[in-house]
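J.: The structure that follows is given in the form of structure tokens.
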Amino acid sequence: MFGRLLVGAIGAPIAAALLCVAAVMGGAMDTGASSPGTGVTSVAAPAVEDPSDPIPAEMLVLYRAAAPTCPGLPWVVLAGIGRVETDHGRNTAVSSAGAEGPMQFMPATWQEYGVDVHGTGVPDINDPADAVFAAAAMLCANGASTAAGLPGAIYAYNHSDQYVADVLGWAAAYTEEYGP
């Protein structure tokens with residue numbers, strides 16, 4: 001029953017991705033549905049704080065504009081990453097690992113995936129538009145265009161199972177709050 005509600009509330013791609021995360025994490029939330037080929041019938045419920053703190057309008061527009069550059073990538077996944085990484089650009093200090101900008105790219109990763117949205121000739125790691133579109137490009141290059149590939153793409157962004165669960169948890173919350 002919850003599986004059908006989950007799919008209805010957050011959409012099939014994110015629901016399938018949550019079920020894939022369960023396969024990796026050995027989840028604990030019964031969905032009442034199994035992921036094809038895995039036999040998984042549960043998913044860990046990530047800790048998601050109150051999603052009522054709104055996504056800043058500029059970032060919301062960017063997430064929604066960047067997602068279609070990777071057909072199949074839900075915009076709410078970009079929003080989930082933006083929330084986990086910097087609270088949508090509100091906290092953009094360089095991380096202890098050296099990640100920078102609103103989507104927290106490592107400089108070497110930025111060299112590979114950086115996008116120059118404004119046509120200045122140089123992608124700017126600190127520019128929200130460049131960073132969000134670069135995040136979409138990186139996710140796409142790592143398989144985010146399919147529901148089955150989405151968890152692995154998020155994991156490639158940040159090598160942590162908990163990170164994947166948190167991003168997908170925020171994505172689900174944002175789907176409920178803002179729609180797919």
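The values are calculated or read from the model by the stated rules, or taken from the named source; none is laboratory data. Bear in mind the structure is a predicted one, so any value in this text is a computation, not a measurement. Ideal geometry is used to build each Cβ from the backbone, glycine not excepted, and the neighbour counts take in all protein chains shown.
J.: Listed residues 175, 109; which is surrounded by fewer than 20 Cβ atoms within 10 Å (Cβ to Cβ), of a type in the set (Val, Ile, Thr) and part of a helix (DSSP H, G or I)?
T.: Working: 175 fails: surrounded by fewer than 20 Cβ atoms within 10 Å (Cβ to Cβ).
None of the others qualify; the one that does is 109.
J.: Restricting attention to the range 40-76, and to residues there that are among the hydroxyl-bearing types (Ser, Thr, Tyr) and at pLDDT below 95, which single residue is nearest to residue 105 (Cα to Cα)? So that I can check it myself, show each step before the final result.
T.: Here is the first cut: in the range 40-76, the ones among the hydroxyl-bearing types (Ser, Thr, Tyr) are 41-42, 52, 63, 69.
Imposing the further condition that a residue be at pLDDT below 95 reduces the set to 41-42, 52.
Values: 41: 34, 42: 32, 52: 26 Å.
It comes out as 52.
J.: While we're looking at this one, here's another question. Search the range 95-106 for residues being buried (at least 16 other Cβ atoms within 10 Å of the Cβ) and in contact with a Pro (Cβ under 9 Å, 6 or more places away or on another chain), and hand back the single one that is nearest to residue 126 (Cα to Cα). Steps first, please.
T.: Quick first cut of the range 95-106, residues buried (at least 16 other Cβ atoms within 10 Å of the Cβ) only: 99-105.
Next, from what is left, pick out any that are in contact with a Pro (Cβ under 9 Å, 6 or more places away or on another chain): 99-103.
On the way: 99: 11, 100: 7, 101: 4, 102: 6, 103: 8 Å.
My answer is 101.
J.: Can you find a residue that is part of a helix (DSSP H, G or I), out of contact with any Lys or Arg (no Cβ under 8 Å at 6 or more places or on another chain), surrounded by fewer than 22 Cβ atoms within 10 Å (Cβ to Cβ) and at pLDDT 95 or above anywhere in the range 114-121?
T.: Taking the range 114-121 as the starting set, the residues that turn out to be part of a helix (DSSP H, G or I) are none.
No, the range 114-121 contains no residue that is part of a helix (DSSP H, G or I), out of contact with any Lys or Arg (no Cβ under 8 Å at 6 or more places or on another chain), surrounded by fewer than 22 Cβ atoms within 10 Å (Cβ to Cβ) and at pLDDT 95 or above.
J.: Go through the range 132-144 and give me each residue that's in contact (Cβ under 8 Å) with a residue 40 or more places away in the chain and in a helix (DSSP H, G or I). Give the steps one after another, and end with the answer.
T.: Let us first name the residues in the range 132-144 that are in contact (Cβ under 8 Å) with a residue 40 or more places away in the chain, namely 132-133, 135-137, 139-140, 144.
Listed by number, the residues that qualify are 132, 133, 135, 136, 137, 139, 140.
J.: Filter the range 150-162 down to the residues that are touching a residue at least 40 places away in the same chain (Cβ under 8 Å) and over 24 Å from residue 71 (Cβ atoms), then identify the one that is surrounded by the most Cβ atoms within 10 Å (Cβ to Cβ).
T.: Among them, the one singled out is 161.
J.: Checking the condition touching a residue at least 60 places away in the same chain (Cβ under 8 Å), among the small types (Gly, Ala, Ser) and either in a loop (DSSP other than H, G, I, E, B) or closer than 19 Å to residue 172 by Cα (or both), which residue from 97, 147 passes?
T.: Numbers: 97 fails: touching a residue at least 60 places away in the same chain (Cβ under 8 Å).
Result of the check over 97, 147: 147.
J.: Do the conditions hold for residue 79, that is, is it at pLDDT 95 or above and closer than 15 Å to residue 167 by Cβ?
T.: Working: at pLDDT 95 or above: yes; closer than 15 Å to residue 167 by Cβ: yes.
For residue 79, the condition - at pLDDT 95 or above and closer than 15 Å to residue 167 by Cβ - is met.
J.: Here are some residues: 106, 138. Which one is over 24 Å from residue 68 (Cβ atoms), out of contact with any Lys or Arg (no Cβ under 6 Å at 6 or more places or on another chain) and at pLDDT 95 or above?
T.: Working: 138 fails: over 24 Å from residue 68 (Cβ atoms).
After ruling out the rest, the residue left standing is 106.
J.: While we're looking at this one, here's another question. Within the range 76-94, how many residues are closer than 16 Å to residue 137 by Cα and either without any contact (Cβ under 8 Å) to a residue 60 or more places away in the chain or in contact with a Ser or Thr (Cβ under 8 Å, 6 or more places away or on another chain) (or both)?
T.: Taking the range 76-94 first, the residues closer than 16 Å to residue 137 by Cα are 76-82.
If we keep only those that are either without any contact (Cβ under 8 Å) to a residue 60 or more places away in the chain or in contact with a Ser or Thr (Cβ under 8 Å, 6 or more places away or on another chain) (or both) as well, we get 76, 82.
Within the range 76-94, residues that are closer than 16 Å to residue 137 by Cα and either without any contact (Cβ under 8 Å) to a residue 60 or more places away in the chain or in contact with a Ser or Thr (Cβ under 8 Å, 6 or more places away or on another chain) (or both) number 2.
J.: Answer yes or no as to whether residue 84 is closer than 15 Å to residue 69 by Cβ and either surrounded by 18 or more Cβ atoms within 10 Å (Cβ to Cβ) or modelled with pLDDT under 95 (or both).
T.: Values: closer than 15 Å to residue 69 by Cβ: no; either surrounded by 18 or more Cβ atoms within 10 Å (Cβ to Cβ) or modelled with pLDDT under 95 (or both): yes.
Considered against the rule, which asks whether it is closer than 15 Å to residue 69 by Cβ and either surrounded by 18 or more Cβ atoms within 10 Å (Cβ to Cβ) or modelled with pLDDT under 95 (or both), residue 84 comes out as no.
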